Every structure is written in structure tokens, then in C-alpha cells.
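Working notes, structure below.
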Amino acid sequence: MVATQTGENAMPAALEGVRVLHVPHLMTLMAGRLLANLGADVLLLEPPGGAAARRIPPFLHRDPSPHGSLPFLFATTSHRSITLDLAHRDALPLLRRLLGTCQIVLTGGDRAEIEALARLGLDPEAALAEHPHLVWIRVTGFGMDGPHADWLCPDLIGVAMSGIMSLAGYLDRAPTMPPWGQGYVATGMRAAEGAMLALRVAETTGEGQIVDVAMQEALSMAQETAMQYWDMRRELRKRQGSASLLPGVGTYPCADGYVYTMIGIPGFGAPWPVMVQWMAEEGKAEDLTEPEWQQLLTSMDLRTVTGLLAQPAALAEIKPKFDHVEQVLLRFFASHDKTYLYEEGQKRRLLIGPVNSAKDLVENRQLNARGWYQRVLHPERGEEVVYPGPPFRLMKTPWRITRRPPLIGEHNAEIWGGEFGLTPAQIAALAGSGTI
Amino acid sequence: MGTQKRLPLAGIRVADFSWFGAGPIPAQLMAHFGAEVIRIESEAHMDGLRTTMPVPPGKEGPNVSGFYNNFNASKLSFTLNMSNPRAREIALDLLKICDVFIENYTPRVMEKWGLTYKDVVQVRPDIIYANLPMQGSWGPHRDFLGFGGVLAPVTGFTYLSGWPDRIPTGLGTNYPDYVVNPGHAFVAILAALRHRDRTGEGQQVEIAQIESTVSALGPYVMEYANNGDIPERNGNRIGWAAPHGAFPAKGDDRWCVITVFTDAQWDALRAAMGDPDWAKQEKFATLLGRKQHEDELEEHLSAWTRTLTAEEIADLLQARGVPAGIVQTAEDVLDKDPHLKARNFYQYLDHPEAGRTAYDGIPVRLSKTPGRIASPAPLLGQHNDYVLNDLLDLPEERLAELLVEQVVF
């Protein structure tokens with residue numbers, strides 16, 4: 001069903017023997033993805049109508065089906081799905097039996113949601129009392145305690161409260177968020193990190209524990225140096241827009257979009273003369289090949305550059321010259337596509353990166369040469385769906401997609417019947433009553 | 001806190017040959033959870049971050065950068081000059097007693113140093129060898145340069161962030177280096193450790209930064225690959241909520257964020273604003289209506305938010321069940337946020353040269369075996385004696401040689 005490299009299906013899985021009960025929430029999805037495609041037996045526990053996380057756009061072929069949410073599909077390959085309405089009395093004994101078969105329980109949401117789950121029977125303290133080896137993960141916006149623990153935390157809120165958002169955008173407008181969902185990516189990552197750590201403890205000592213992740217904290221490291229600038233120097237790092245102080249350093253328009261370049265920064269790729277040479281080969285170097293400009297551009301060594309950056313007056317004086325160099329560069333970029341500038345520039349060891357769109361990424365030569373994208377058959381659709389491939393490559397226990405994302409409750413018969421021994425009549429009763 | 005329990009990674013030794021962010025950060029998390037993590041670095045090819053801003057005013061040298069220090073707490077430092085061919089033997093001796101190896105240079109560097117997986121597995125057959133090359137260790141772009149701000153544009157992050165009518169400037173940081181790539185690396189290394197514990201088998205783990213980073217935009221690439229639609233940046237808006245954005249608050253460059261996903265939240269927001277006439281208009285009563293008139297909605301909302309501080313707005317709205325927050329700065333998170341303070345998230349440690357400085361706390365809390373920051377970032381070469389004498393048990397004459405020949409340097 002899956003286009004993977006030959007022989008991979010025969011290789012062992014890193015998380016063999018680990019069962020995860022995944023109560024899906026946007027906050028938990030990335031963790032589920034990481035654990036499931038490493039070979040854990042991850043069971044989605046959904047309400048009979050399907051998890052709320054199945055409603056998030058965009059949708060496969062723009063069809064708003066709970067089986068077509070791309071964020072949900074992306075994250076739930078290699079999962080199975082069972083349904084259970086915890087408010088039904090019949091659900092509780094089934095849940096208890098289920099917990100007894102699990103090593104990890106993965107839950108997330110705002111604190112009120114977590115507490116509601118606990119009241120319905122997904123209570124870590126009670127579960128750990130009965131199954132002391134369990135690793136119980138709670139992913140929230142702000143953690144389970146503290147003055148803001150009750151705050152609602154959709155992605156934008158956590159991202160803003162973490163400090164990272166203040167670093168992005170233009171000073172004359174509001175700061176801008178990263179591509180939507182990075183708060184959820186961070187919580188999922190941290191949940192997976194915690195799961196692996198706690199699993200290691202549980203498997204060596206038999207002792208389980210609770211793992212708490214807060215989005216605000218999960219993202220903190222992405223402040224880069226802002227925290228340290230304030231702590232050490234009481235200087236506040238702010239968003240900087242696109243102003244570039246040196247020619248060839250910044251984001252520039254090109255024929256089909258933008259490129260980001262760092263040309264002539266000592267230690268960061270080839271120096272300016274290499275860029276001029278390239279432009280000259282195409283007859284587009286204009287007057288930069290003349291001695292006056294050659295002299296200026298070859299003088300851009302580390303001392304000169306750092307000196308200029310430290311002296312606004314010197315920088316202002318040389319600005320008209322820098323502007324001219326940039327104008328020539330801009331005309332050169334305008335005559336080429338970003339992929340050409342990227343591949344040709346990098347061949348010459350110039351630090352150039354295209355501002356890639358999703359289309360550019362899907363067409364990216366490197367990712368495709370490495371067979372990164374995976375085509376997964378969806379028999380119910382009669383088509384293959386394209387998924388991103390491995391975020392890491394373990395050579396002996398490879399990441400792999402073992403099944404396409406499950407339909408809602410697709411594995412009820414398999415789990416409740418096949419594994420737990422409920423009869424077809426019992427399963428029908430549970431389904432008819434809305435328990436599953 | 002409870003009795004001292006054995007930390008999850010106690011007994012694991014990591015040779016951290018990496019630099020900058022993507023390698024050192026997962027290694028640091030391992031160190032916080034009990035691993036002995038040795039940074040192998042050199043004055044001959046020093047981690048650029050050691051001499052990068054910010055540094056405390058008046059201080060200089062390789063030990064006072066906040067950029068370096070925040071990624072390298074709980075670790076040891078051993079200087080080994082890998083451009084000296086005689087260093088290789090020492091490196092391999094050390095690797096014999098290590099469980100994990102981490103590096104994030106371009107592939108050529110490990111080849112030059114003679115520390116590829118093939119080399120290391122000779123001395124330590126069950127090594128977990130984690131490499132984080134930007135483009136992967138093979139493929140047509142394998143040797144492309146990836147320093148500085150190139151990763152975010154290449155991986156699609158820049159395109160998707162910012163305003164549709166302006167040059168996309170990205171996230172303002174080398175974002176993928178700090179949570180996404182370290183996270184993937186950490187999970188992969190721990191997965192490999194589990195396999196080794198069960199089978200005795202080590203392995204190579206390649207985390208190609210381009211692959212790891214694009215994974216964080218999975219649904220976006222799926223949208224193009226399957227629907228042929230190219231997702232575009234749109235400020236702070238999303239398609240299924242309104243309002244959803246950042247709004248100006250009272251004060252200099254202060255902003256709040258407000259999101260409304262449900263009818264109840266809209267009604268609560270209206271009430272919080274004192275039920276103004278503009279908000280009563282039918283056209284704002286529904287999500288589709290608010291999306292259709294989103295510019296006007298945001299203008300009205302901004303007029304209200306400008307009258308209050310971001311803190312007041314966040315408190316007021318959250319108390320009424322409307323998701324809201326402050327676009328916090330570093331000053332906010334360190335000095336003002338009462339929640340982070342109550343949770344002791346940022347940790348202040350005494351560093352021998354940098355002084356008492358703040359470190360990121362541990363972003364994942366385990367109830368029985370919590371991690372801890374064992375020590376501030378190490379001075380360059382601080383643990384040379386320990387590594388040479390205690391770990392490698394080298395004789396005196398050899399030690400002198402290594403110093404004189406600038407192998408240990």
C-alpha cells in the first residue's frame with residue numbers, strides 16, 4: 001500500500017510493543033505522528049461522531065469531510081481508530097480494560113478540557129494507581145497550574161505569549177505569527193520528547209508518571225537570543241521588517257517570487273567578486289566590473305563589515321554606493337526564477353536560498369531525489385494521497401507509514417471484538433446506544 | 001520534589017560534536033535529563049555562537065555569549081582540534097566510551113575529520129550516530145550552504161509568514177533550529193536508544209534539516225501536492241475564525257491577540273467591550289459575516305483595544321471565555337509574566353564569567369523524574385582534565401604532547 005524503499009517493511013520498529021491511547025487534540029497531533037510512524041500501536045480514541053480535530057481545514061480536494069482534514073490526515077498515518085462515548089455507563093469498563101493494555105496515554109487541550117476528561121474516566125491519578133507503569137501526557141496551553149492555567153489557548157494565543165511573535169514582521173504594523181499551527185507543532189514535539197523519556201523510565205523501572213507540556217514554554221527556545229539580550233543587556237530585540245544594512249543581505253524579488261541572500265558576508269559563502277563574476281558571465285554586471293566598484297566590493301572583509309555595522313555615520317556615508325550595487329543585483333535577480341538562482345548560486349558557493357512556496361517544496365529537487373514524499377493508497381477514495389515523508393531517517397528501525405489514516409471508529413470491531421472479545425451482538429448494542 | 005530518582009538518561013554519554021543550534025539543543029535536553037554530554041569544540045574551529053552577541057556589557061571572550069550559553073547548560077566542554085590529524089585518535093578513543101554521537105556540519109567536514117559513521121562504528125559498534133546535515137547526506141543539493149537565515153526560506157516558512165502585500169521577512173529568527181529540528185533529533189535518538197537497549201544494535205540516525213523542517217509544515221505541502229492549491233500568507237488571520245489577529249493596545253508598540261472561534265465567544269467579546277453599537281450589527285453576528293467584513297471588524301476592534309493595555313485586555317477577555325493574550329516581548333516573559341514566574345520557568349544560574357544569567361527552563365515536565373539544569377554552560381575546555389585523565393586515562397607525557405602540539409586546543 002505504501003511506496004517505501006525495498007525491504008523497509010521487514011525491518012524492526014523502534015517503538016515495537018508500545019501501545020499509545022491517543023485522545024486527539026490539535027495540541028497532541030504531532031506527538032501521535034512521531035510515535036505511530038516509529039511503530040507504536042497508536043489508537044485514536046474518538047467520540048462516536050469523530051474528534052473535533054477532524055474539522056480543521058484545509059480539506060483534501062476541498063471537500064469538508066471528517067475524513068479529509070489535511071492537518072488530521074497528516075498526523076494520523078499509522079494510527080487505528082476506536083470510538084467511545086465516555087458519558088455512557090458501558091464505556092467505563094471498556095476504558096479501564098483498554099488502559100490496562102497501554103503504555104502511553106496522550107491527551108491535550110485547555111485545562112478545563114483536561115479536567116472534563118478526568119471526570120469522564122480519563123484520570124491520570126486513578127489510572128496510575130491501577131496501572132503504575134503508565135506514561136500519561138497532558139498537553140495544554142499554559143500547564144496545569146499557575147495564574148494563567150485556565151486561559152484558553154488556541155495556537156495564536158500560545159505563540160504570542162511565548163515571546164516569539166514579537167520578533168516577526170514590520171515595525172509599522174502588528175507583529176506577525178509564524179505559519180499557523182507552530183504552537184501545536186511545538187506542543188506535539190515536546191509531548192513526544194517527554195513520552196520517550198518517560199517511556200525509558202517506565203521500561204527500566206516499571207514506574208510510570210505524568211508528563212506535562214505547556215505551549216507557552218514549549219516555544220520559548222525559539223526566541224533565539226531575545227531572552228538573553230534582555231537579561232544580559234536590557235536591550236529589547238524587536239521585529240525588523242525587511243531593512244537590510246548591507247547590499248546582498250536580505251530578501252529580494254526575483255522573476256517568480258523572492259530569494260533570500262547573504263552575499264559577501266565573510267565566512268558565509270563566497271565573497272562579492274564571485275557574484276559579480278556570475279553576473280558578468282551573463283552580461284548583467286553593468287559597471288560593477290569597473291575598478292572603482294571592484295575595489296569597494298573586495299574591501300568587504302570581516303573587519304570592514306563589522307566596523308561599518310558599528311558606525312551608523314560611516315554606513316550612512318557609503319549608503320548611496322551600496323544602493324547602486326543593490327540595484328544592479330535586483331535587476332539581475334529580476335531576470336531569473338528563484339530555483340535557477342538557488343541552484344546556480346549554490347554551485348558557486350554563494351549563500352542563496354529561495355523563498356519557497358508549498359509548490360516549490362513539492363517540486364524541490366533534493367526532496368524528490370531523496371524520495372521524501374510518500375504516496376499512500378486510500379482504497380475508500382480509490383486514489384493515492386501524497387504525504388510528507390520521514391522527519392528523520394533511522395537506518396535500522398526506519399520511520400514508516402504502516403497504514404493510511406483511519407476512518408472514524410474504523411477499528412471498533414477489530415479492537416472491541418477481535419481483541420476484547422465482545423460479541424457482534426454486544427458491539428451492535430454499543431453502537432446502537434451511541435456508546436461507540 | 002520527592003526522593004532523588006535516577007534520571008531517564010543517567011549512564012548515557014553523549015559526544016556532542018555539533019555547533020550552533022540544531023545539534024546542541026537536543027544534546028542539552030539529554031543533559032538536563034541525566035546524560036553526560038561532552039561538547040567537543042576547539043579554539044581552532046570555535047562554535048561561532050561563543051563569540052556572538054548578546055554578551056553582558058564589558059565582558060568578552062568565548063564564555064560569555066548568551067546565544068551559546070542557553071543551548072549548552074548541563075554540559076561539559078572538551079577542546080579537541082579536529083583540524084590536527086593527531087586529534088582523530090583521541091576522538092575515537094573518546095567515542096569508544098560514548099553511547100551517542102551528534103554532529104550538524106556539512107557532510108564534507110566529517111569526511112575530512114575521519115569521523116563518519118563508518119569510521120566511528122569501527123570503535124563503537126553500537127554507537128547511535130546522529131547527524132543533522134542541512135540537506136541530507138546525499139542528493140543533488142547535498143553540499144549546498146545552509147548558514148544563517150537560509151533554512152527558513154528554503155523550507156517554506158518565510159513564504160507563509162507575514163503580509164500578502166509585503167516582502168515576506170520570515171519569523172525574525174532561524175526558527176527551525178530551535179524547536180523543530182532539535183525535537184525531531186531528540187525523539188529519533190531516544191528511539192534508537194530504545195532499540196539498542198532491546199537488541200544491542202546501534203544505528204545511524206540522519207536528521208536532514210530540510211526534511212525535518214518541512215515536516216512542521218506538513219499540511220501545507222499536502223495542500224499543494226493533493227489539491228494543487230498554494231497556501232499564502234495572510235497576516236494573523238485564519239479561515240475559520242474572526243476576529244483572529246493582533247491588535248494595538250495602549251502604550252508604545254504594545255499588542256494583544258484576540259481570537260473568536262464560536263458564537264458564544266463573539267457574544268462574550270461584545271459584552272466585554274460594553275456592547276457597542278457597531279458590534280450589534282447583523283453583519284458581524286455570524287462567522288461568515290465577520291469574515292466578509294473582516295477589515296472593518298478589525299478597525300472597530302482596534303479602536304477598542306487601543307484604550308486598554310494588553311494585560312488588561314487579556315485578563316478581561318480570558319475571564320469571560322474569549323481566547324486572548326499579549327504579544328509578549330522578552331521583557332514580558334522574563335520580568336512581567338506572573339504565570340511563568342509562578343512556574344519558575346526561567347532559571348537564573350551563576351556562570352563563572354557571564355555572571356548570574358537567565359536560562360530557558362525545561363519545557364517538558366515529568367512528575368517523577370523531572371529534569372534539572374545541572375550547571376550553567378561550560379567554559380571552553382573546562383573539562384579537559386576530566387576527559388583526558390578520568391575518562392581517557394592518558395599518561396602524563398601524552399597529555400603534555402597533546403597540549404604542545406595543539407591537539408587539545
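Here are the numbers for the structure shown:
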quantity	calculated
Matching entry among B:Gly114, B:Gly156, B:Gly136 (being among the small types (Gly, Ala, Ser), in contact with a strand residue (DSSP E or B) (Cβ under 9 Å, 6 or more places away or on another chain) and either at positive phi or at the interface with another protein chain (Cβ under 9 Å from one of its Cβ atoms) (or both))	B:Gly136
Output for region A:189-200, where each listed residue is free of Cβ contacts under 8 Å to residues at least 40 places away in the same chain and over 16 Å from B:Ala185 (Cα atoms)	A:Arg200
Residues of region B:113-163 satisfying the condition of being in contact with a Pro (Cβ under 8 Å, 6 or more places away or on another chain) and in a helix (DSSP H, G or I)	B:Leu151, B:Ala152, B:Pro153, B:Val154
The one condition in (1) facing chain A (nearest Cβ under 7 Å); (2) of a type outside the set (Phe, Trp, Tyr); (3) in a helix (DSSP H, G or I); (4) under 25 Å from the mean Cα position of the chain (by Cα) that B:Asn226 fails to fulfil	(4)
Odd one out for A:Arg348 among (1) more than 14 Å from chain B (Cβ to nearest Cβ); (2) closer than 18 Å to A:Ala285 by Cβ; (3) of a type in the set (D, E, K, R)	(1)
Filter pass, B:Asp165 being more than 7 Å from chain A (Cβ to nearest Cβ), charged (D, E, K, R) and within 14 Å of B:Asn104 (Cβ to Cβ)	no
Any chance B:Ile97 is surrounded by 22 or more Cβ atoms within 10 Å (Cβ to Cβ) and farther than 28 Å from A:Val159 by Cα	no
Residue in region B:328-351 that is within 8 Å of another protein chain (Cβ to nearest Cβ) and in contact (Cβ under 8 Å) with a residue 60 or more places away in the chain present	no
Residue match in region B:193-214 (condition: more than 7 Å from every other protein chain (Cβ to nearest Cβ) and of a type in the set (Lys, Arg))	yes
All helices (runs of 4 or more DSSP H) inside region A:332-432 with 3 or more residues being within 20 Å of B:Leu160 (Cβ to Cβ)	A:338-347, A:358-363
Qualifying residue in region A:377-387 (condition: over 30 Å from A:Ser69 (Cβ atoms) and among the basic types (Lys, Arg))	no
Region A:34-52, subset surrounded by 24 or more Cβ atoms within 10 Å (Cβ to Cβ) and part of a helix (DSSP H, G or I), residue nearest to the chain's Cα centre (by Cα)	A:Leu34
Pairs, first closer than 20 Å to B:Asp267 by Cβ in region B:298-321, second of a type in the set (Ser, Thr, Tyr), C-beta under 7 Å, six or more apart	B:Ile313/B:Thr305
Test for A:Pro405: is it within 14 Å of chain B (Cβ to nearest Cβ), in contact with a His (Cβ under 7 Å, 6 or more places away or on another chain) and within 18 Å of A:Phe74 (Cα to Cα)	yes
Of all residues in region A:195-216 being more than 23 Å from A:Asp145 (Cα to Cα), within 7 Å of chain B (Cβ to nearest Cβ) and aliphatic (A, V, I, L, M), the one that is surrounded by the fewest Cβ atoms within 10 Å (Cβ to Cβ)	A:Val201
Only listed residue being more than 30 Å from A:Thr402 (Cα to Cα) and either away from chain B (no Cβ under 14 Å) or in contact with a helix residue (DSSP H, G or I) (Cβ under 8 Å, 6 or more places away or on another chain) (or both), chosen from A:Val328, A:Val362	A:Val328
Every residue from region B:84-111 that is within 14 Å of chain A (Cβ to nearest Cβ), more than 20 Å from the chain's Cα centre (by Cα) and either over 24 Å from B:Val187 (Cα atoms) or part of a strand (DSSP E or B) (or both)	B:Arg108
Some residue of region A:200-210 being in a loop (DSSP other than H, G, I, E, B), of a type in the set (Gly, Ala, Ser) and assigned by TED's automatic domain parsing to the domain that holds A:Ile157	yes
Among the candidates A:Pro93, A:Pro179, A:Pro175, residue that is under 18 Å from the mean Cα position of the chain (by Cα) and either surrounded by fewer than 24 Cβ atoms within 10 Å (Cβ to Cβ) or under 21 Å from B:Ala242 (Cβ atoms) (or both)	A:Pro179
Flag for B:Arg233 being in contact with a Gly (Cβ under 6 Å, 6 or more places away or on another chain), more than 7 Å from chain A (Cβ to nearest Cβ) and not acidic (Asp, Glu)	yes
Residue among B:Leu392, B:Leu402, B:Leu379, B:Leu349 that is touching a helix residue (DSSP H, G or I) at 6+ places or on another chain (Cβ under 6 Å) and buried (at least 16 other Cβ atoms within 10 Å of the Cβ)	B:Leu392
Qualifying residue in region A:262-274 (condition: within 7 Å of chain B (Cβ to nearest Cβ) and touching a Pro at 6+ places or on another chain (Cβ under 8 Å))	no
Filter result for B:Ala191 (in contact with a strand residue (DSSP E or B) (Cβ under 8 Å, 6 or more places away or on another chain) and free of Cβ contacts under 8 Å to residues at least 60 places away in the same chain)	yes
Within region A:238-296, tally of residues that are within 20 Å of B:Leu171 (Cα to Cα), of a type in the set (D, E, K, R) and modelled with pLDDT under 95	0
Region B:245-271, subset at the interface with chain A (Cβ under 7 Å from one of its Cβ atoms) and of a type in the set (A, V, I, L, M), residue surrounded by the most Cβ atoms within 10 Å (Cβ to Cβ)	B:Val257
Some residue of region A:219-233 being more than 7 Å from chain B (Cβ to nearest Cβ) and hydroxyl-bearing (Ser, Thr, Tyr)	no
Residue in region A:147-166 that is nearest to the chain's Cα centre (by Cα), counting only those that are surrounded by fewer than 24 Cβ atoms within 10 Å (Cβ to Cβ) and under 21 Å from B:Asp360 (Cα atoms)	A:Ala149
Breaking point among (1) more than 7 Å from chain A (Cβ to nearest Cβ); (2) surrounded by fewer than 24 Cβ atoms within 10 Å (Cβ to Cβ); (3) not hydroxyl-bearing (Ser, Thr, Tyr), for B:Ala242	(2)
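The values are calculated or read from the model by the stated rules, or taken from the named source; none is laboratory data. Note that the structure is predicted; figures quoted are calculated from it, not measured. For neighbour counting, all protein chains shown are included, and Cβ atoms are generated from backbone atoms with ideal geometry for every residue, glycine included.
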